[in-house]
Structure formats: C-alpha cells, structure tokens
C-alpha cells in the first residue's frame, strides 16, 4: 500500500509539472512591490516608484510576458509562498526586492525566483548615488533579462532599457511622489499628487511625465467636483 501511494504521489507531481509547463510561459515574470527598508516610512513612494520603473523597463523586452502593476501590487505587504503567487499570477518567475534610501545613497536588493520550486536563480545588491538612479534601473533590468535568457533561452532586447528622463533628481523625486499619491485613488491623495506633479514641472519644465500626471490629476478632481 505504501509503495503504491508513493507511486501515485510521484505520478501526480510529474503530471502537474508537465501541465504547468504547458500552461505557463517560461518567459514570464511578476515584479512584486519592493519593500521599503529606509528609516523613514515616507520613502515608500520611492520603493513603489522603483518597482514600477522596473516593470516598465522589462515590459519593453520582446518575448517576455510581464504582469501588470495592478495585479502585482495586490501582494504588497502580504507574506505568501512564492509558488502560490506564481500560480495565482500565472508566471514562471517572480522578482522581489527591497530599497534602502539614505540621503543621496540608494541600495536595491533583488532576488529572482522560480515559482515552480521556489528556488533562487539570482540575487544581487546594487549601491549607487541617487543621481545615478536611471543607470541603476537600467542595470537591474538588463541583468534580469540576461538571467532569464541564460535559463530559458533567447530574448531580444536593446542595450539599454531605461533612459534618463531628467537631469534634475529633485524633479524626478517629486514626480514619483505625485504618481504614488495619484494611485491611491482618493480625493485627498490625488490633490496631493497634483501638487507634487506641479512641483516637478517647476523644477524641470522639460520633463514631460509630470505634466501628464498633473493633467490626469486635475481631470479626476474636476470630474469629482473638486477642481479649482
């Protein structure tokens, strides 16, 4: 009886593994919200911003399926087995990490994990100056792409996935704060987001993204009867 039961378990595991490989694209990834390890909890805007920027960068890679932010942020501050998260999101890989921001220094820790067995494929620490934030995002994204290519075959991507959007880091941080509050989707925070977008445009009038953010914020406030 014991031997038969063991054979059944092995057979089930093999069948499950085979079916899973057919249903889930091996070149698929979900980037979970990076944990804010900074001493200031208000730096959560920055860790969320780094998560979203890496999602955007990886989405540029031809042949790689990247789970949308709205789906991955459901798991923010939730401790759950990576294998279960992988099954829920239908992905082969999960990237999790943390961000520590202190003054003009940023440290990002990343871990790339297989969801079929929970094993780590790769982990790395990145320490940079805040002024090098776009280069940091680019390096993280490119290394992830390389590791996926090493383990699962060909991927096509450019030499750089992240380009510098502004040379004014204060403007960029104000933009990240604006986006952080906008995506809380309530009147009070959207109004705060609009203020940060406005600040970002003043700091760098050539930085396009905060103009779009401000426009969306005021449009939402206006539609809810809160426009000035």
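The values are calculated or read from the model by the stated rules, or taken from the named source; none is laboratory data. Just so you know, these numbers come straight off a predicted model, no measurement behind them. With ideal geometry, Cβ positions are generated from the backbone for all residues, glycine too; neighbour counts draw on all protein chains shown.
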Positions within the stretch 182-203 being within 18 Å of residue 45 (Cβ to Cβ) and over 24 Å from the mean Cα position of the chain (by Cα), in sequence order: 188, 191, 195, 198, 199, 201, 203
Hey, among 138, 131, 159, which residue is in contact with a helix residue (DSSP H, G or I) (Cβ under 6 Å, 6 or more places away or on another chain) and either within 27 Å of residue 206 (Cα to Cα) or modelled with pLDDT of 95 or more (or both)? 131
For residue 104, the lone unmet condition from (1) touching a helix residue (DSSP H, G or I) at 6+ places or on another chain (Cβ under 7 Å); (2) surrounded by 15 or more Cβ atoms within 10 Å (Cβ to Cβ); (3) in contact (Cβ under 8 Å) with a residue 24 or more places away in the chain is (2)
Go through the stretch 181-194 and give me each residue that's part of a helix (DSSP H, G or I) and under 18 Å from residue 49 (Cα atoms). 181, 182, 189, 190, 192, 193, 194
Within the stretch 110-128, restricting to residues that are in contact with a helix residue (DSSP H, G or I) (Cβ under 7 Å, 6 or more places away or on another chain) and over 13 Å from residue 99 (Cβ atoms), the one that is surrounded by the fewest Cβ atoms within 10 Å (Cβ to Cβ) is 118
Filtering the stretch 70-100 down to residues that are under 26 Å from residue 43 (Cβ atoms), in contact with a strand residue (DSSP E or B) (Cβ under 8 Å, 6 or more places away or on another chain) and buried (at least 17 other Cβ atoms within 10 Å of the Cβ) yields 72, 82, 85, 94, 95, 96, 97, 98, 99, 100
Expected single match for out of contact with any strand residue (DSSP E or B) (no Cβ under 6 Å at 6 or more places or on another chain), part of a helix (DSSP H, G or I) and buried (at least 18 other Cβ atoms within 10 Å of the Cβ) among 207, 211, 197 is 197
With the requirement that a residue be without any contact (Cβ under 8 Å) to a residue 24 or more places away in the chain, surrounded by 15 or more Cβ atoms within 10 Å (Cβ to Cβ) and assigned to a helix (DSSP H, G or I), what does the stretch 144-180 give you? 149
